[in-house]
Amino acid sequence: SQAIVYGAMPGGVHAPTAETLPAGAMQVSTLSGIGRRTGLLGADHKFNRAIGDLAFAYGATDMISVGLSLDGRYDRHWGLPPSGDDGYVGDPHLIVRIATPVGNLRVGGQLGVWIPGKDAPSVAGSAISVDARGLVSLPAGPGVLSLSGGFRLDNTGPEGGLAPLAPQDPHQPAPLRS
């Protein structure tokens, strides 16, 4: 059985596998979380973040899956001016994955289009970004070892009006700059 996580596609939150959904299969996934951090920008600073993802995917063929992930987050800051600063950010993500078996391996590729918005619900057209990655997965006992590599055309910087996508987390944009 496949592990279904981010984007309602096979793989993990940060590590997609070179697998697709079976032809005609539909998948829905949700992710959520909440965190709190103190002392980030100063001794009295407190920061809360709630995240949520709702995703849908469809196995167009045995080799091709298409997904839509509606990602969002709510941030709230206390202890720094302006105290009580908060905001919602939406980040829809369209994903197309192609994969096929080659001997004992599975190989494939994934194309993603990010359509970020500064204040949810919104879209910042100049910030639309694209990423592409190659995928290789190998059965490893009860699990799967997956490798990926690729590039991102990130338009979310100052020209796009948003903070760049965080390199450590390909699924969530970095906090917005004021």
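The values are calculated or read from the model by the stated rules, or taken from the named source; none is laboratory data. As the structure is a computational prediction, the values presented were derived from the model and not from experiment. All Cβ positions, glycine included, derive from the backbone under ideal geometry; neighbour counts span all protein chains shown. With ligands, DNA and RNA removed, areas are computed over all heavy atoms of the protein, side chains included. Shrake-Rupley method; radii C 1.70, N 1.55, O 1.52, S 1.80 Å.
Summed over the stretch 35-44, the residues that are basic (Lys, Arg) and either open to solvent by less than 100 Å² (accessible area, probe 1.4 Å) or in a loop (DSSP other than H, G, I, E, B) (or both) give a count of 0. Looking at the stretch 116-142, which of its residues are surrounded by 18 or more Cβ atoms within 10 Å (Cβ to Cβ) and under 15 Å from the mean Cα position of the chain (by Cα)? Listed by number, the residues that qualify are Pro116, Gly117, Ser129, Asp131, Arg133. For the stretch 75-96, the count of residues that are in contact with a Lys or Arg (Cβ under 9 Å, 6 or more places away or on another chain) and under 26 Å from Leu147 (Cβ atoms) is at least one. The single condition from (1) open to solvent by 70 Å² or more (accessible area, probe 1.4 Å); (2) touching a strand residue (DSSP E or B) at 6+ places or on another chain (Cβ under 9 Å) that Ala55 fails is (1). Scanning the stretch 49-68 for residues that are part of a strand (DSSP E or B) and aliphatic (A, V, I, L, M) returns Ala50, Ile51, Leu54, Ala55, Ala57, Ile64, Val66, Leu68.
Within the stretch 81-107, if we keep just the residues that are of a type outside the set (Ser, Thr, Tyr) and modelled with pLDDT under 80, the residue that is most open to solvent (accessible area, probe 1.4 Å) turns out to be Pro81. Taking the conditions exactly as written (open to solvent by less than 70 Å² (accessible area, probe 1.4 Å), touching a strand residue (DSSP E or B) at 6+ places or on another chain (Cβ under 6 Å), not aliphatic (A, V, I, L, M) and not in a loop (DSSP other than H, G, I, E, B)), does Ser32 satisfy them or not? Against the criterion (open to solvent by less than 70 Å² (accessible area, probe 1.4 Å), touching a strand residue (DSSP E or B) at 6+ places or on another chain (Cβ under 6 Å), not aliphatic (A, V, I, L, M) and not in a loop (DSSP other than H, G, I, E, B)), Ser32 does not qualify.
Could you tell me whether Thr38 is farther than 25 Å from Val96 by Cβ and at pLDDT 85 or above? For Thr38, the condition - farther than 25 Å from Val96 by Cβ and at pLDDT 85 or above - is met.
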